[in-house]
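Enquirer: Following this message is one structure expressed as C-alpha cells.
The values are calculated or read from the model by the stated rules, or taken from the named source; none is laboratory data. Because the structure is predicted, anything quoted here is derived from the model rather than measured. We place every Cβ from the backbone using ideal geometry, glycine too, and count neighbours over all the protein chains shown. Heavy atoms of the whole protein, side chains included, go into the accessibility calculation; ligands, DNA and RNA do not. Shrake-Rupley method; radii C 1.70, N 1.55, O 1.52, S 1.80 Å.
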Amino acid sequence: MPNMKVPDKFLHIRNTSFDQCADECSRNCSCMAYAYANLSSAGGTMGDTSRCLVWTGDLIDMEKASFFHENLYIRLAESPVQKKNSFLKMLLPIIACVLLVTFGTLVWTSRGTEKRTLAR
C-alpha cells in the first residue's frame, strides 16, 4: 500500500536489505505487515543504511496520506494454490521413497529365489 502513514507499535530492525526485511516478516508467524526504507541516499542516521519496520500486532493508527512516502507491505494469508503446491512438495518425496523401498524389496526377493534355485 503506497503512501501510508505507518501504524504505531513496530519493531525496528537495523541495517537490512529489502529481501531480508521481507524474510523477517515471513519467518515470524505473528507478523502482520512490514515497511522498508533505504536510507543510504539520505545519509542515514547513527550508521543505519536502511530501516525495516515490522508489526506483530494489530495495525492501529494507519491511514493513507499524500505527504507520507512509506510503502506498507501487508502480509496475506496463504492462497489455496500455495497450499496445494506445499502438499505436493511433501507428497512426492514420500511416493519416491515408497517406490524405492518396493523396488529394493523386489530385487532382494528375486536374488534370494535365484540363489535357492541354483542350490537345488
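Enquirer: Any residue in the stretch 72-100 that's under 24 Å from Ala33 (Cβ atoms) and of a type in the set (Ser, Thr, Tyr): show its pairings with residues that are open to solvent by 70 Å² or more (accessible area, probe 1.4 Å) and at pLDDT below 85 at Cβ separation under 9 Å, as long as the two are six or more apart or on different chains.
Expert: Tyr73/Met1; Ser86/Glu78
Enquirer: Looking at this structure, is Thr16 β-branched (Val, Ile, Thr), at pLDDT 70 or above and not in a helix (DSSP H, G or I)?
Expert: Here the answer is yes, as Thr16 does meet what is asked.
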